[in-house]
Amino acid sequence: MEDAYKTISKTSEGEYKEKGSRFLAFAFPVSSENEIKIRLEGLRKQYYDARHHCYAYVLGQDYGKYRANDDGEPNHSAGDPILGQIKSKALTNTLVVVVRYFGGTKLGVSGLISAYKIAAEEALGNNKIVSIEITNAYSLNFGYESTNEIMRMVKEFNLEISEQRYEVDCFIKVNVNLKIEGQFKSKIKLLQDLGNKILIS
């Protein structure tokens with residue numbers, strides 16, 4: 001399994017013109033289907049007079065959820081070429097919408113495929129691709145006397161703490177990068193073997 005995934009860092013735009021038709025492309029970093037819905041609604045309101053709002057997206061650290069929508073264009077002539085551009089750059093958590101203003105001349109299926117592909121490519125080309133490390137969350141319960149050991153380990157592995165509580169019984173929740181997960185678990189075991197009462201879940 002990969003220990004990182006690629007996505008885009010910001011919103012970007014692109015434009016392509018063919019025989020009077022204008023193709024306005026928008027690329028968004030997204031993390032949920034709800035966010036996608038909001039982005040689409042926003043563009044439909046803003047470009048309410050456009051004939052088509054075609055889009056594609058890929059979601060999930062495993063690139064497992066994706067969809068292509070032709071929005072009234074001939075089957076597979078719009079959504080698929082947009083999706084193809086997202087996949088060719090191996091991106092996830094990415095939405096690309098192409099808004100088309102019809103220019104009076106039909107482009108034919110091959111012309112549409114080419115236009116949607118180029119517009120999507122433009123929007124993605126104007127963005128910055130970033131690599132995000134995949135993490136798993138672990139909860140650690142430990143006695144107050146082990147706090148120093150735990151904090152030293154957090155620093156050593158450069159862990160991000162998402163929740164914490166320090167009382168008689170202490171608790172922290174940390175995000176651990178996949179590539180150091182094995183070392184992290186070994187370190188916990190070592191601390192346990194040294195007499196630290198640590199529960200990991």
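Values in this text are rule-based calculations from the coordinates and carry no lab data. Not measured: the values here are computed from a predicted model. Here Cβ is always computed from backbone atoms with ideal geometry, including for glycine, and neighbour counts include all displayed protein chains.
Summary table
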{"read-out": "Debye, to nearest 20: dipole size of the chain, +1 on Lys, Arg Cβ, -1 on Asp, Glu Cβ", "value": "520"}
{"read-out": "Positive-pole candidate from 40, 118, 186, dipole of the chain, charges at beta carbon", "value": "118"}
{"read-out": "Over the chain: helical MRE at 222 nm, DSSP H runs n ≥ 4 each giving -39500 (n - 2.57), nearest 500", "value": "-10000 deg cm²/dmol"}
{"read-out": "Taking the convex hull of Cα positions in the chain, its mean projected area over all directions (nm²)", "value": "13.3"}
{"read-out": "Distance between the range 51-111 and the range 1-17 - C-alpha centres, whole angstrom", "value": "14"}
{"read-out": "Relative contact order computed over the chain (Cα-Cα under 8 Å; 6+ residues apart), in percent", "value": "25"}
{"read-out": "Rounded to the nearest 20 debye, dipole of the range 134-200 from Cβ charges on Lys, Arg, Asp, Glu", "value": "200"}
{"read-out": "Coarse-grained scattering of the range 69-163 at q = 0.16, 0.21, 0.23 Å⁻¹, given as base-10 log I(q)/I(0) from a Debye sum over alpha-carbon atoms", "value": "-0.73, -1.03, -1.16"}
